[in-house]
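Structure, as structure tokens:
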Amino acid sequence: MRLHLIGMPGAGKTTLGRALATAYEVPFRDLDQEIVRREQRTIPDIFAQDGEEYFREREASVLRDLIAELPDLVLSTGGGTPCFHHNLEVLLESGLTLYLAVPVSELVRRLQRQAASRPLLAALPDAAALETRLAETLAARQQFYDRAPLCCAAPACSVEAVRQLVERYNAAV
Ligand SMILES: Nc1ncnc2c1ncn2[C@@H]1O[C@H](COP(=O)(O)OP(=O)(O)O)[C@@H](O)[C@H]1O
Ligand SMILES: O=C(O)C1=C[C@@H](OP(=O)(O)O)[C@@H](O)[C@H](O)C1
Ligand SMILES: [Mg+2]
């Protein structure tokens with residue numbers, strides 16, 4: 001089985017993805033962590049040294065590699081993955097894609113101490129600026145996230161809730 005998690009930065013894709021892979025007893029891959037492993041440098045360094053366009057090219061390439069390599073996996077994508085290089089079509093065609101829907105106010109709470117590791121959020125002066133940036137980003141990305149066949153809305157995005165969602169979806173198709 002291949003389950004792909006999409007959603008905004010801070011939605012909990014990496015955290016929940018790892019727990020779901022354990023529950024389903026399949027490999028876990030985090031797209032960012034795989035890019036870092038192959039590039040041997042951090043996401044902020046990639047952005048600083050080669051820019052977002054290069055990061056998006058690597059993101060698209062590594063995504064396709066992982067899907068080609070692993071018939072079974074839980075894949076946690078990066079927040080922007082579905083929005084570039086037709087990645088969303090690749091995700092939809094190759095597995096079951098789940099959108100983790102988390103309100104901006106909750107994203108702010110989760111990211112306030114974590115923004116430095118996310119270049120697109122790092123240089124913001126305060127929580128108000130972070131909230132504005134997240135709201136603008138979500139508005140631009142919603143059209144992509146909404147194409148996922150499954151959606152789990154916080155605070156109910158537990159492993160058990162996702163397992164039930166997947167079971168109901170598979171029974172209905
Ligand atoms: N369900 C949750 N409730 C509260 N905090 C969470 C939850 N899931 C993840 N977090 C926290 O939010 C932050 C971002 O989580 P992460 O899994 O890295 O999200 P993403 O990969 O979507 O950016 C981390 O500090 C994590 O511990
Ligand atoms: O929203 C985005 O464009 C990004 C989200 C990050 O992943 P997370 O969603 O795991 O934070 C990472 O891919 C990069 O900083 C870009
Ligand atoms: Mg992540």
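I'm checking my understanding of the structure. Among residues of the range 142-161 that are exposed (fewer than 12 other Cβ atoms within 10 Å of the Cβ) and in a helix (DSSP H, G or I), which one is nearest to ligand 1 (Cβ to nearest atom)?
Among them, the one singled out is E160.
Quick check on the range 126-139: of everything there that is touching a residue at least 40 places away in the same chain (Cβ under 8 Å) and not polar (S, T, N, Q), which residue is surrounded by the most Cβ atoms within 10 Å (Cβ to Cβ)?
Residues of the range 126-139 touching a residue at least 40 places away in the same chain (Cβ under 8 Å): 134, 137-138.
If we keep only those that are not polar (S, T, N, Q) as well, we get 134, 138.
On the way: L134: 25, L138: 19.
Filtering the range 126-139 for residues that are touching a residue at least 40 places away in the same chain (Cβ under 8 Å) and not polar (S, T, N, Q), the one surrounded by the most Cβ atoms within 10 Å (Cβ to Cβ) comes out as L134.
Just need a number here: residues in the range 82-137 that are farther than 23 Å from S158 by Cβ, under 15 Å from the mean Cα position of the chain (by Cα) and β-branched (V, I, T).
Count: 2.
With the requirement that a residue be hydrophobic (A, V, I, L, M, F, W, C) and within 16 Å of ligand 3 (Cβ to nearest atom), what does the range 43-73 give you?
Of all residues in the range 43-73, those hydrophobic (A, V, I, L, M, F, W, C) come to 43, 46-48, 55, 60, 62-63, 66-68, 70, 73.
Of everything in the range 43-73, those that are hydrophobic (A, V, I, L, M, F, W, C) and within 16 Å of ligand 3 (Cβ to nearest atom) turn out to be I43, I46, F47, F55, V62, L63, L66, L73.
Readers should treat all values here as calculations from the given coordinates under stated rules, not as data from a laboratory. As the structure is a computational prediction, the values presented were derived from the model and not from experiment. Because the Cβ atoms are built from the backbone with ideal geometry, glycine has one as well, and the counts that use them run over all protein chains shown.
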